[in-house]
Amino acid sequence: MLRVGKGDKLVKDSNSDYLDGSHILVRTLEDLGVDTVFGLPGGAILTVYDALENSTKFRHILVRHEQGAGHAASGYAISSGKPGVVMVTSGPAATNLVTAIADANMDSVPLVVITGQVATNLIGTDAFQEADIVGITLPVVKHSFLITESSDISSRISAAFHIATTGRPGVVLVDITKTAMTSYAHYNFNQKFELPGFNPKQQPEHQCLQAAIELIINSSRPVILAGGGTVRAKASENLLKFAKLIHAPVVTTLQARGVIPDSDMHSLGMVGMHGTIASAAAVQKCDLLIALGARFSDRVTGKINEFAAYAKVIHADIDPAEIGKNRQVDAPLFGDLNETLNLLIESLTAEKYTAQDRSNWWKYLENLQIEYPLYLDNEHAEESARNGMGALSPQSVIQKVGQIAKKYDENAIFVSGVGQHQMWASQFLGHEKPHNWVQSAGLGTMGYAIPAALGAKAARSNNAVWVIDGDGCFQMTNQELATSRLTGLPIKIMLINNGTLGMPRQWQTLLFNKHYSQTDLHDGPDGWSKEIVYGDGEEKGGAPNSGIPNFVKLAESYDCLAIRVTRLEEVEDAIEKAAKENERPVVIEFVVAKDALVFPMVPAGKSNNSIMYTPTVQPLLDDGNIGNRIEGEE
Amino acid sequence: MVNETKTYTLSILVENKPGVLTRVTGLFARRAFNIHSLAVGTTEDVKVSRITIVTDESQAPIEQITLQLQKLINVLKVQILDSAKSVHREIVLIKVNTRQGKDSVRPEVIGVANLFRVKVVDVAAESITIEATGKESKLEALVQALLPYEILEIVRSGTIAISRGRDIINLHREFGENNL
Ligand SMILES: Cc1ncc(C[n+]2csc(CCOP(=O)(O)OP(=O)(O)O)c2C)c(N)n1
Ligand SMILES: [Mg+2]
């Protein structure tokens, strides 16, 4: 059947196989099983939007800013394990995506990003809304395609999905010219694509496995470092099995929180700049470091040549280039992590391996766990309250959110922005499951949380999506509250309002003599911030700050349930209200102490041995366990 | 110009597609790897190009460089060409001023060329151009020998290299002719 399309051109209907590139694109996405696309239209991609019908098999979610589409796709991908899909127009729309692309690629999140491009014959002429997005994003994508002919669309899009999801996941950008979108070609799905240079290895070599097993058998102080790769590889079950089998403690990177339950006895919590004391001790004093899908980032290792200085290293990763990149490795295990863990477990079981007595090791670590629990920092909150400022301890608020959220939905998803609140969210929420922790680790992108939460909700509408956000981050992307409200994807934002860009402020407190240069979000001309007392009507007692923005009014303008919490006794009730609200997005503003600090902390570039429990306590420097020896050992 | 750090010659087979060279050189730039020289051309299969890059280990071990290169989707194969087991050649064109004050030094310059058994490819009133092919060390020596005269321009092709003997990468066997 023919129908008359726009511009009086004859457009075949989508049942026929002779289609314009725009319909081919839509059909390809449908045939690939895509169920959700995040995007925003514009000139160069309008024909594709024209090809979207009520009958289209995927849902398009209209965001308010392209960066939001990118982060939403990332939240979708992380929480579902499926690739996220983005579609935007050329020029400024494509460049608006750059941050989200870099963010996702850094965290190995599979995304397929489709951008419109000017007509093929206009490329290179500085045409209206022309930007060389393939060139701009080259350093921050896994791969990219420029499509100039409609006959290439189906196979290249299929290839893009294959590349994004195979091997180490990443971002594939597909830039499609208007010419390709509007010219005709025969559509047949299952087009073959040739990628002769792309054959990621799935299984480690036998002799490397043997070497790894040897190291495990001979280790008296092993530790497992679980990185983001364990989550991407869906390896959490095998990870726990493996940890139990070899009776080794597990530390996780920020990215991998939840891959082993925090409540499991093998878990020592997060490792790195703001990790636990026990985790730091475990990596610094171990004789065998088993790194699984971790990339030895500087935030984890601290000063690299003093990291795990006495340890042999087993490193399993899907990306061969990660192995040996930052740290020499004794047993490299290239390949799919889940498969690698399977093989390790099988081989150890076949050798009738039983873990040796490691009670000294465990006793040492357990003592540290007891002696140095997570640091709630109520002192700063109390002091702040005495001064008539934000009275809440952000750590306790976040801890409460974790408890209540999981009481209502044990599979609740937690999404975080970037800053102090992110570290507290990692430390205090209580992470029990993989794929339920969504945040920007590698790039550390402020503003990630709200759009990413939207994406997570789109992927898993049956689960509650809780956002821990900062007042700085919130102001970068809160426009997506409109998307959340209008598309029926309600998210629950717990806004940790400390009135400041808290993380840089913390560094200023500790390293720059409290010179709070440009981190106060209420600074204005002299006296301005002191004139207006925050809080409306009876609700005085909040932090004296400019009140700009009024987060409650802002949230109400998006038809959110909005509550400001300034007193300890209101905290629980407000979170309960949030838990029960299922129609509308929720924004609860907790007015917290400005001076609260994230601890423990390893100062950037310093050895993990210098980890500070509080500004004055450095347990690993003076615990008497010098070098690689621990108490009770020869 | 003799470099202290050991250099490595990488032979990189890539799909002959637009933008591939940018991806390869962009990777070197982004990871702060050095490029001493670079030469590109097609191979026995028009769908495949060969990029020869001379690099060093000042930023990262050579294995890391090759592993990062292999991650590029359009890169088919990366080979480190050991100088003992491969032939390395570079071509250089050197234009020398033959006028020194009132005198012509043309005979002396031609003498140097003859000594090195290299060709003179252009002769003009006040300059001559020498073409030389060889290993980098030989070309270095030639340039040194010409330094007493005024060198006007030097153009170098960058090193290309090929393994000795029957040791080859059979593209079609390895990747399948139709898959390239
Ligand atoms: C896009 C971006 N700009 C700047 C930074 C540097 N930075 C890291 S955390 C932070 C402050 C975040 O403020 P807020 O959201 O209020 O979180 P808090 O640290 O106060 O909890 C800044 C500016 C960043 N990570 N991302
Ligand atoms: Mg803040």
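The values are calculated or read from the model by the stated rules, or taken from the named source; none is laboratory data. Please read these numbers as outputs of a predicted model, since none were measured by experiment. Glycine gets a Cβ as well: all are built from the backbone with ideal geometry, and neighbour counts include every protein chain shown.
If you check A:ALA44, A:ALA69 for being touching a Pro at 6+ places or on another chain (Cβ under 8 Å) and outside any strand (DSSP E or B), only one passes: A:ALA69. Within the range B:9-24, the set of residues being within 12 Å of chain A (Cβ to nearest Cβ) and within 15 Å of the chain's Cα centre (by Cα) comprises B:ILE12 only.
What strands (runs of 3 or more DSSP E) completely inside the range A:312-419 contain at least 1 residues that are more than 29 Å from the chain's Cα centre (by Cα) and of a type outside the set (Ser, Thr, Tyr)? Full working, then the answer.
On the way: elements: A:312-317, A:331-334, A:413-416.
So the answer is A:312-317.
Taking B:VAL40, is it away from every other protein chain (no Cβ under 14 Å), assigned to a loop (DSSP other than H, G, I, E, B) and within 30 Å of A:ARG156 (Cβ to Cβ)? Steps first, please.
Working: away from every other protein chain (no Cβ under 14 Å): yes; assigned to a loop (DSSP other than H, G, I, E, B): no; within 30 Å of A:ARG156 (Cβ to Cβ): yes.
Criteria not met by B:VAL40.
Of the helices (runs of 4 or more DSSP H) lying entirely inside the range A:79-147, those containing at least 3 residues that are away from chain B (no Cβ under 13 Å) and out of contact with any Asp or Glu (no Cβ under 9 Å at 6 or more places or on another chain) span A:98-106. Considering the range A:597-630, and only residues there that are in contact with a helix residue (DSSP H, G or I) (Cβ under 9 Å, 6 or more places away or on another chain) and modelled with pLDDT under 60, the residue that is surrounded by the fewest Cβ atoms within 10 Å (Cβ to Cβ) turns out to be A:GLY627. Screening B:ALA125, B:ALA145 for residues that are loosely packed, with under 11 Cβ neighbours inside 10 Å and either away from chain A (no Cβ under 14 Å) or in contact with a helix residue (DSSP H, G or I) (Cβ under 9 Å, 6 or more places away or on another chain) (or both) leaves exactly one candidate, B:ALA125.
Is at least one residue of the range A:150-165 more than 23 Å from the chain's Cα centre (by Cα) and in a strand (DSSP E or B)?
First pass over the range A:150-165, keeping only residues more than 23 Å from the chain's Cα centre (by Cα): A:150-159.
Among the residues that remain, those that are also in a strand (DSSP E or B) are: none.
No, there is no match, as no residue in the range A:150-165 is more than 23 Å from the chain's Cα centre (by Cα) and in a strand (DSSP E or B).
Just one of the listed residues (A:MET476, A:MET446, A:MET494) is assigned to a helix (DSSP H, G or I), of a type in the set (A, V, I, L, M) and either within 14 Å of chain B (Cβ to nearest Cβ) or within 14 Å of ligand 2 (Cβ to nearest atom) (or both), namely A:MET476.
The residues in the range A:418-471 that are within 14 Å of ligand 1 (Cβ to nearest atom), among the hydrophobic types (A, V, I, L, M, F, W, C) and under 26 Å from A:GLN369 (Cβ atoms) can be counted, and the count is 6.
Taking the range A:500-515 on its own, how many of its residues are surrounded by 16 or more Cβ atoms within 10 Å (Cβ to Cβ) and more than 8 Å from ligand 1 (Cβ to nearest atom)? Show your work before the answer.
To start, the set of residues in the range A:500-515 that are surrounded by 16 or more Cβ atoms within 10 Å (Cβ to Cβ) comprises A:500-506, A:508-509.
Narrowing further to those that are more than 8 Å from ligand 1 (Cβ to nearest atom): A:508-509.
The total comes to 2.
For the range A:497-517, what are the residues that are near ligand 2 (Cβ under 10 Å from one of its atoms) and hydroxyl-bearing (Ser, Thr, Tyr)? Within the range A:497-517, A:THR500 is the sole residue that qualifies. Taken together, the residues in the range B:156-180 that are outside any helix (DSSP H, G or I), within 14 Å of chain A (Cβ to nearest Cβ) and surrounded by fewer than 11 Cβ atoms within 10 Å (Cβ to Cβ) amount to 1. In the condition set (1) within 30 Å of A:LEU568 (Cα to Cα); (2) in the same structural domain as A:ARG221 (by TED's automatic domain parsing), A:GLU351 is compliant with all but (1).
Cβ separations smaller than 8 Å between residues 6+ apart or across chains give the following pairs from the range A:467-478 residues that are among the β-branched types (Val, Ile, Thr) to residues that are within 9 Å of ligand 2 (Cβ to nearest atom) and part of a helix (DSSP H, G or I): A:ILE468/A:HIS421. Might you let me know whether the range A:430-440 holds any residue that is surrounded by 24 or more Cβ atoms within 10 Å (Cβ to Cβ) and assigned to a helix (DSSP H, G or I)? Looking through the range A:430-440, none of the residues is surrounded by 24 or more Cβ atoms within 10 Å (Cβ to Cβ) and assigned to a helix (DSSP H, G or I).
With B:ILE53, B:ILE94, B:ILE73, B:ILE35 as the choices, which residue is within 14 Å of chain A (Cβ to nearest Cβ) and either surrounded by 18 or more Cβ atoms within 10 Å (Cβ to Cβ) or not in a strand (DSSP E or B) (or both)?
Numbers: B:ILE53 fails: within 14 Å of chain A (Cβ to nearest Cβ); B:ILE94 fails: within 14 Å of chain A (Cβ to nearest Cβ); B:ILE35 fails: within 14 Å of chain A (Cβ to nearest Cβ).
Checking each option against the conditions leaves just B:ILE73.
Could you tell me whether A:PRO204 is away from every other protein chain (no Cβ under 11 Å) and in contact (Cβ under 8 Å) with a residue 12 or more places away in the chain? Yes; evaluated as a whole, the condition is true for this residue. Filtering the range A:252-287 to residues that are outside any loop (DSSP other than H, G, I, E, B), out of contact with any Asp or Glu (no Cβ under 8 Å at 6 or more places or on another chain) and closer than 22 Å to A:GLU410 by Cα leaves A:THR252, A:LEU254, A:ALA256, A:SER267, A:LEU268, A:MET270. Return the residues of the range A:566-581 that are modelled with pLDDT of 95 or more and not acidic (Asp, Glu); say none if nothing qualifies. The answer is A:VAL571, A:ALA574, A:ILE575, A:LYS577, A:ALA578, A:ALA579, A:LYS580. What about A:THR120, is it more than 18 Å from A:LEU62 (Cβ to Cβ), of a type in the set (Val, Ile, Thr) and surrounded by fewer than 22 Cβ atoms within 10 Å (Cβ to Cβ)? Considered against the rule, which asks whether it is more than 18 Å from A:LEU62 (Cβ to Cβ), of a type in the set (Val, Ile, Thr) and surrounded by fewer than 22 Cβ atoms within 10 Å (Cβ to Cβ), A:THR120 comes out as yes.
Here is a yes/no grid of residues against (1) modelled with pLDDT under 95; (2) part of a loop (DSSP other than H, G, I, E, B); (3) within 16 Å of ligand 1 (Cβ to nearest atom):
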position: A:THR483; (1), (2), (3): no, no, no
position: A:PRO525; (1), (2), (3): yes, yes, no
position: A:LYS530; (1), (2), (3): yes, no, no
position: A:GLY535; (1), (2), (3): yes, yes, no
position: A:ASN545; (1), (2), (3): yes, yes, yes
position: A:ILE548; (1), (2), (3): yes, yes, yes
position: A:GLU556; (1), (2), (3): no, no, no
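Which of the residues belonging to the range B:56-70 are more than 12 Å from chain A (Cβ to nearest Cβ) and not hydroxyl-bearing (Ser, Thr, Tyr)? Correct list: B:ASP56, B:GLU57.
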